[in-house]
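Have a look at the structure below before the remarks.
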Amino acid sequence: MPDDQGQRMTERRGTLFGGVFSRGLRLGDEAWLQAMLDAEAGLARALERAGIAAAGSGAAVTRAAAARNFDAAELGELAALTGNPVPGLSRLLTRAVAENDEKAARAVHRGATSQDIIDTAAMLLARQAMDAAIADLETAADRAAALADAHSGTVMIGRTLLQQAVPVTFGVTAAGWLSGLDSALAGLAAARDQRLAVQFGGAAGTLASLGDRGPRVAALLAEELGLASPPLPWHTERLRLIDAAAAMARVTAATGKIARDVTLLAQTEVGEISEGPADNSNKPGGGPGLAAGGPKPAGNEGAPRRGGSSAMPHKNNPVASVAVLGCARQVPGLLATLVASAEQEHQRAAGAWHAEWQPFTEILNLGGSAAAWTAELLGGLRVDKARMSANLTAAGGLPLAERVTSLLAGVLGGPRAHDVVATAAAKSVSSGIPLRDVLTAAPEITEAGIGAGQIEQALDPAGYLGAAREFVAAALRAHESRDNSKN
């Protein structure tokens, strides 16, 4: 492996929209270039170990294989001649190595085809992105666990179809977030550890140019790059790429759920939670300054405040949640492009392979950005218990109608109890009279011998939380078990 880790190009937030969609690790042109060079260097080292290349070839190629020595824009222009940037890159790399060691230069790209280099580079980039996303998701999951634990008994109204339903706790809401994050983490780690593999098949997947030593070189290449060695080349079997992208899509699904809940609960009319300021304590997955948005550019004294609006001075927008949702909305279409591109002809695709490069890169960037934003979001989340209680009280007892129905069903029977409570609820809504008052005055209820004390108890939200605490505890145990399994 190359010693100069500084050669790993990650291009943090180097574009106009990068601050939103590249919050974590950014994989751009230079990252791709370095990954392709790493693949070429790894191949040279493997060839030398297999006795095919001259002694010292691996080290010589590795020294020359630094992205700073090449012009990505120039390679992009050369790619127009051959359909991809590898032919131009391999020629320039060969020339750079030959300046110091002509024998070593013969090891550059030997036995490989362009797709071998690009596919292997894609796997290296996926590993970088997954490592960074896993670090941020672990932080996010720990923070969700802390929220679930702290608010296991914090009562709030549950909502179904965007309408008030029955009481829940904020703890069980956060436990749901935690479960999704842990599931996304497990899937991401599995894809990283089991589905990332080298690509090395030569012209048509047989490594004919290397004779009987081809499989040995392929195995050594995998060892050099720290990737799996597949049973055979996968030039037109694209499930590895799809699996890696799908694992990142699961990340945006889990984080998008959290972000959507936060935007809804942070609405002015609801106000049960809100985003805090940027949190500087976030464990970085994609580099320093992740949670605070990285180093501030010079001369930004007049920069807008976090959550501000260009037109409305009073606004405090949920920026982190909005950014997560912006990332999450793009990924399904990009993943669909990869799935559609998996139908490839014979031993090499005509266009479908090319169609993968950009959407795959963007899925890695967007998934990583969503993970980084979510870690920050959960670190600064503010929970307003008083507002949760007030919103629940404002419903006038209506969310407990189900419990009152259960109380009456034993005396009146299920259908009649349902009708009595439904009529009382409708009267409460139309008249503004609290449901308890309507119920205690209903003749059907008094005739059934149900007293005001029983009605009052049935309308207590804290007494109708079912297994909320048990579910929170179970989610926390599962999270702790996952943490322990890593050690």
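Observations on the structure shown:
- Where S152 falls short, out of the listed (1) over 20 Å from L377 (Cα atoms); (2) touching a strand residue (DSSP E or B) at 6+ places or on another chain (Cβ under 7 Å); (3) open to solvent by 10 Å² or more (accessible area, probe 1.4 Å): (1)
- I134 vs. criteria touching a residue at least 40 places away in the same chain (Cβ under 8 Å), over 18 Å from the mean Cα position of the chain (by Cα) and under 21 Å from R26 (Cβ atoms): no
- Listed by position, the helices (runs of 4 or more DSSP H) enclosed by the stretch 331-431 that each have at least 3 residues that are open to solvent by less than 10 Å² (accessible area, probe 1.4 Å) are 357-379, 414-431.
- Exclusive hit being aliphatic (A, V, I, L, M), open to solvent by 30 Å² or more (accessible area, probe 1.4 Å), closer than 20 Å to W357 by Cα and modelled with pLDDT of 95 or more, set L81, L125, L37: L81
- Residues (in a helix (DSSP H, G or I), in contact (Cβ under 8 Å) with a residue 12 or more places away in the chain and among the acidic types (D, E)) located in the stretch 443-471: E444, E456
- Flag if A98 is touching an Asp or Glu at 6+ places or on another chain (Cβ under 8 Å) and either open to solvent by 10 Å² or more (accessible area, probe 1.4 Å) or over 26 Å from P230 (Cβ atoms) (or both): no
- Across the stretch 58-78, the number of residues qualifying as open to solvent by less than 70 Å² (accessible area, probe 1.4 Å) and more than 21 Å from E48 (Cβ to Cβ) comes to 7.
- The residues on offer are G205, G158, G211, G176, and the sole one that is part of a strand (DSSP E or B), surrounded by fewer than 24 Cβ atoms within 10 Å (Cβ to Cβ) and out of contact with any helix residue (DSSP H, G or I) (no Cβ under 7 Å at 6 or more places or on another chain) is G158.
- Test: residue in the stretch 435-442 that is assigned to a loop (DSSP other than H, G, I, E, B) and open to solvent by less than 20 Å² (accessible area, probe 1.4 Å): yes
- Selection count, the stretch 214-236, where residues are over 17 Å from A342 (Cα atoms), in contact (Cβ under 8 Å) with a residue 60 or more places away in the chain and open to solvent by less than 10 Å² (accessible area, probe 1.4 Å): 5
- Residue in the stretch 254-273 that is at pLDDT below 95, open to solvent by less than 30 Å² (accessible area, probe 1.4 Å) and closer than 27 Å to S183 by Cβ present: no
- In the stretch 237-253, the qualifying residues are those that are more than 13 Å from E356 (Cα to Cα) and aliphatic (A, V, I, L, M), and the one that is surrounded by the most Cβ atoms within 10 Å (Cβ to Cβ) is V251.
The values are calculated or read from the model by the stated rules, or taken from the named source; none is laboratory data. Note that the coordinates shown come from a computational prediction; the quantities given were computed from them, not determined experimentally. Note: ideal-geometry Cβ built from the backbone for every residue, glycine included; neighbour counts use all protein chains shown. When the accessible area is computed, the model is the full protein with side chains, heavy atoms only, and any ligands, DNA or RNA have been set aside. Shrake-Rupley method; radii C 1.70, N 1.55, O 1.52, S 1.80 Å.
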